[in-house]
Amino acid sequence: MQEDAKILIVGSGVFGLSTALWLARAGYRRVTVFDMQDTETAGYDPGVGIESASADINKIIRFSYGDEIEYQRLASQAAEIWDKWNQQIASLATERRDELPEVLQKGEPKLWYKCGFLRMGAASEFSDYEIQTLRNMEKEGVRGTQFKSDDDADIERASRTGWAHKLDVCRRQERFGVHKAVLDSSAGFVVAYKACAWAQHLARKAGVEFILHPTKGRVVGVDTSNPDKPVVRTVDGVTHEGYLVVVAGGGWTAGLLPEADGLIETTAGSVATIQLPKDRQDLWERFSPENFPVVTWGMHEGRVSDKDIYSFPRDENGVIKIGFRKTKWTNYDDVAGKRISIPKAVHAKETNIPIPALEAVKEYISVNLPELAGLGISSTRLCWYTDSIDNSFVVDFVPGRPRVAVCSGGSGHGFKFLPVLGREVVRILEGKGAETVYGRMWKWRTSDKEKRNGLEEGEDGPRVLGKQRLASREDWVFREHVS
Ligand SMILES: Cc1cc2nc3c(=O)[nH]c(=O)nc-3n(C[C@H](O)[C@H](O)[C@H](O)COP(=O)(O)OP(=O)(O)OC[C@H]3O[C@@H](n4cnc5c(N)ncnc54)[C@H](O)[C@@H]3O)c2cc1C
């Protein structure tokens, strides 16, 4: 690929942004990103209406990956750049604040909060996943960053290093007589919308062009009738010929590349928030990142627990986000003569979540954070994942279309790699994928396994959104607090 090759990227979420940034930094001078949503003006703020997996208030940065050490390593490399980005933003904020993207000029000029990550078990024993995670932490020489709740040496080290107050933030030992958890002091969260706005700002500075518009930026098809000259068609009727097209459309990817259906599937995650009242400074203090870590409850515990909940400290507006991961909902529709799961339309989005998801969030609060129950839920939202058959990303050329690549399959864990993902994508796009660990992991693939991360269920499965009863505002109140 020549440096003046015209590269067209569909999607300005994490996958498209990171790819664009690393392509430009590798010397490619003609990179254009299309998006049907004006992510620049909105600064990726979901509150302003941007609908994508990346446009969110916060996302977890973790290094715990069970036996998947390659993701653990990539997350550590990303963390080094998250650190650098924090430093760059802090110094711009003091010296040349007006050069920061608008969302970073307002509020705290910071992306990455190393508030710790408490992997809290719902069962009475540690899961195999947890044990394997700790083994790999040991292997990488970072076991010292982890504090196991039942390990005396770890508890002592947590006290010495100022982490003891985050070891049992839900007072489970005192209240239930059992607390199985590991606190990762190197992990935390990033402010997702600010991070995307920053990456877009860096990509622009590196020379990337962005077309972010509901008609000029909305891609309706990728034409490969001439395989050496792929053409992107946008809603305004314009055709854009490129040397290479990269489809990084998140949940919309399989709709644009129907051949990816079966390898990736769009599903909805369920998210709820609680708004802390301004006059409850006690709660603002308790749930601040200084005092409260990211918490998961019963995650990766398979058969021993069915909880699968994650929560964040409050953000700078006093919002606490809580997500339910156990069931991801599908939304099948007609696309190019096929039935494919796609996100609910950007302008007719669904904000209500299914009852089982809301009930699980409420159970987490009632059991672990009862002081929040009286406030009730403040909002709910569906957030669209792109799951692959094995939870690993999909970055490769599309079979039969040599100049079209797919860059997707984030499977609910892609955000943390924003600073570094594109480095690996560029290697794949340059045809070196077979030589790299990630190129081999993310290649186009099929599976004949009976269980394929739920993709085997299709439209007949029980997770179809249309089959669920959705929660309404009345359900947001906790029963014991109804007056
Ligand atoms: C509920 C939830 C929780 C998550 N939590 C975490 C977490 O804690 N930590 C973590 O690391 N990861 C997490 N993830 C995963 C992470 O958010 C995703 O992997 C990542 O954001 C995906 O980015 P993307 O670019 O593939 O897709 P998206 O962010 O969805 O972006 C796709 C973009 O493509 C655009 N687009 C689509 N179709 C078209 C078209 N036809 N024309 C033009 N533009 C188009 C869209 O407008 C959108 O802007 C989570 C995901 C979800 C859903």
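The values are calculated or read from the model by the stated rules, or taken from the named source; none is laboratory data. Being a predicted model, the structure only gives us computed values, none of them experimental. Every residue, glycine among them, receives a Cβ derived from its backbone with ideal geometry; neighbour counts consider all protein chains shown. These accessible areas exclude ligands, DNA and RNA; they are computed on the full protein's heavy atoms, side chains included. Shrake-Rupley method; radii C 1.70, N 1.55, O 1.52, S 1.80 Å.
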Residue in the stretch 185-193 that is free of Cβ contacts under 8 Å to residues at least 24 places away in the same chain and surrounded by fewer than 21 Cβ atoms within 10 Å (Cβ to Cβ) present: no
Tally, over the stretch 168-188, of residues that are within 18 Å of Val142 (Cα to Cα) and assigned to a loop (DSSP other than H, G, I, E, B): 3
Residues within the stretch 293-309 that are open to solvent by less than 30 Å² (accessible area, probe 1.4 Å) and within 16 Å of the chain's Cα centre (by Cα), tallied: 4
Index of the failed condition, Thr133 passing every other in (1) open to solvent by 50 Å² or more (accessible area, probe 1.4 Å); (2) more than 23 Å from Phe287 (Cβ to Cβ); (3) in a helix (DSSP H, G or I): (1)
The stretch 235-250, subset closer than 30 Å to His413 by Cβ and part of a loop (DSSP other than H, G, I, E, B), residue farthest from the ligand (Cβ to nearest atom): Gly242
Positions within the stretch 368-409 being free of Cβ contacts under 8 Å to residues at least 60 places away in the same chain and part of a helix (DSSP H, G or I), in sequence order: Pro370
The stretch 1-23, residues that are touching a Phe, Trp or Tyr at 6+ places or on another chain (Cβ under 6 Å) and within 14 Å of the ligand (Cβ to nearest atom): Val10, Val14
Some residue of the stretch 410-431 being in contact with a strand residue (DSSP E or B) (Cβ under 8 Å, 6 or more places away or on another chain) and among the aromatic types (Phe, Trp, Tyr): yes
Qualifying positions in the stretch 196-212 - in contact with a strand residue (DSSP E or B) (Cβ under 8 Å, 6 or more places away or on another chain) and in contact (Cβ under 8 Å) with a residue 12 or more places away in the chain: Gln200, Ala203, Gly207, Val208, Glu209, Phe210, Ile211, Leu212
Of residues in the stretch 432-452 being open to solvent by 40 Å² or more (accessible area, probe 1.4 Å) and either of a type in the set (Gly, Ala, Ser) or in contact with a strand residue (DSSP E or B) (Cβ under 8 Å, 6 or more places away or on another chain) (or both), the one modelled with the lowest pLDDT: Ser447
So Ser159, is it of a type in the set (Gly, Ala, Ser), over 28 Å from Ala192 (Cα atoms) and crowded, with 18+ Cβ neighbours inside 10 Å: no
Residues within the stretch 400-418 that are within 18 Å of Gly251 (Cα to Cα), more than 8 Å from the ligand (Cβ to nearest atom) and surrounded by fewer than 21 Cβ atoms within 10 Å (Cβ to Cβ), tallied: 0
Among (1) without any contact (Cβ under 8 Å) to a residue 12 or more places away in the chain; (2) over 24 Å from Asp334 (Cβ atoms), the one test that Phe478 misses: (1)
Every residue from the stretch 221-240 that is in contact with a Gly (Cβ under 7 Å, 6 or more places away or on another chain) and under 17 Å from Pro258 (Cα atoms): Pro230, Val232, Arg233
Flag for Ala357 being in a helix (DSSP H, G or I), among the small types (Gly, Ala, Ser) and within 14 Å of the ligand (Cβ to nearest atom): yes
Checklist (1) within 24 Å of Ala90 (Cβ to Cβ); (2) assigned to a strand (DSSP E or B) applied to Val232, failing item: (1)
Criterion: outside the structural domain of Leu17 (by TED's automatic domain parsing), touching a residue at least 12 places away in the same chain (Cβ under 8 Å) and crowded, with 21+ Cβ neighbours inside 10 Å - qualifying residue of Leu465, Leu421, Leu455, Leu429: Leu455
Some residue of the stretch 155-166 being outside any helix (DSSP H, G or I) and among the β-branched types (Val, Ile, Thr): yes
Tally of residues being open to solvent by less than 40 Å² (accessible area, probe 1.4 Å) and either in contact with a Lys or Arg (Cβ under 7 Å, 6 or more places away or on another chain) or not in a strand (DSSP E or B) (or both) across the stretch 220-229: 2
Residues that are within 19 Å of the chain's Cα centre (by Cα), surrounded by fewer than 24 Cβ atoms within 10 Å (Cβ to Cβ) and more than 11 Å from the ligand (Cβ to nearest atom), drawn from the stretch 264-288: Thr273
Verdict on Ala345 being open to solvent by less than 20 Å² (accessible area, probe 1.4 Å) and among the hydrophobic types (A, V, I, L, M, F, W, C): no
Conditions (1) surrounded by 15 or more Cβ atoms within 10 Å (Cβ to Cβ); (2) within 27 Å of His213 (Cα to Cα); (3) not assigned by TED's automatic domain parsing to the domain that holds Ala53; number of the one not met by Phe397: (3)
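To keep it simple, each residue is scored yes or no on (1) touching a strand residue (DSSP E or B) at 6+ places or on another chain (Cβ under 8 Å); (2) at pLDDT 95 or above; (3) of a type in the set (Gly, Ala, Ser).
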position: Gln2; (1), (2), (3): no, yes, no
position: Ile9; (1), (2), (3): yes, yes, no
position: Ser12; (1), (2), (3): yes, yes, yes
position: Arg29; (1), (2), (3): no, yes, no
position: Val33; (1), (2), (3): yes, yes, no
position: Met36; (1), (2), (3): yes, yes, no
position: Val48; (1), (2), (3): no, no, no
position: Ala55; (1), (2), (3): no, yes, yes
